[in-house]
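Below: the structure, in structure tokens.
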Amino acid sequence: MNLVTVRCNECGAPLETSDSARYLTCNHCGSQLSVQRTASSIFTEKLEAIEERTEAIAGSIDVIRVQNDIAQLDREWVMEREKHLVRGKRGTHEPGAGDVIGSVVGLVVGLIMLCAGMSASSGGMMSMIGLFFIVMCGVGLVSGMGKAERLRSARTLYESRRQELQAELARLR
Ligand SMILES: [Zn+2]
């Protein structure tokens, strides 16, 4: 066993150690040291500093993982949103109030026709057409509102999941 002299990385005191030792304690300042060797040199590094660096690396891996989760969530949302879009005159769009205006108008017209038909002496045909309008537009209205509601709840789910991930990211930083 050969003795070598290294300097304490913390206080600079010269320390004697065996040339095969991996760890030592500075007998001057008490620092726990790791003995690092390269082809041409031998030096010490304070263990706490190594631990801090290891924790920092582990921390940045977590940050990358959460960032990837957010990017993945965003990609999934783009595909999910596509499924909820409705076809209109100018391509697809999100279902909303504009898509049920026709149904609402039809429902009102149907009601007027039904009332007019029922008050007229020979308004049987008009009442039937009014009723038909009411049923068709009622179905359209419920369906349109259901589509908008499904998109809304899917978006709420996506946004709350994204907020959770953003909060996790904020904790890691
Ligand atoms: Zn020292």
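The values are calculated or read from the model by the stated rules, or taken from the named source; none is laboratory data. Predicted model only: the values in this text are computed from it and were never measured. Virtual Cβ from ideal backbone geometry, glycine too; neighbours counted across all protein chains shown.
Remarks
- For the residues Glu45, Glu16, the requirement of being away from the ligand (no atom under 11 Å from the Cβ) and surrounded by 15 or more Cβ atoms within 10 Å (Cβ to Cβ) singles out Glu45.
- Within the option set Ser60, Ser34, being assigned to a strand (DSSP E or B) and among the small types (Gly, Ala, Ser) holds for one residue only, Ser34.
- Contact map, segment 98-123: residues that are free of Cβ contacts under 8 Å to residues at least 24 places away in the same chain paired with residues that are surrounded by 13 or more Cβ atoms within 10 Å (Cβ to Cβ) and not in a helix (DSSP H, G or I), Cβ distance under 7 Å, separation 6+ or inter-chain. Pairs shown: Ala116/Gly123; Gly117/Gly123.
- Residues of segment 19-41 that are modelled with pLDDT of 90 or more, among the hydrophobic types (A, V, I, L, M, F, W, C) and either exposed (fewer than 14 other Cβ atoms within 10 Å of the Cβ) or away from the ligand (no atom under 14 Å from the Cβ) (or both): Cys29 alone.
- Residue within segment 104-117 that is under 30 Å from Met136 (Cα atoms), small (Gly, Ala, Ser) and under 25 Å from the mean Cα position of the chain (by Cα) present: no
- Segment 1-21, residues that are more than 12 Å from Ser34 (Cα to Cα) and not in a loop (DSSP other than H, G, I, E, B): Leu3, Val4, Thr5, Pro14, Leu15, Glu16, Ser18
- Taking the listed residues Leu3, Leu73, the one that is surrounded by 11 or more Cβ atoms within 10 Å (Cβ to Cβ), aliphatic (A, V, I, L, M) and more than 12 Å from the ligand (Cβ to nearest atom) is Leu73, with no other qualifying.
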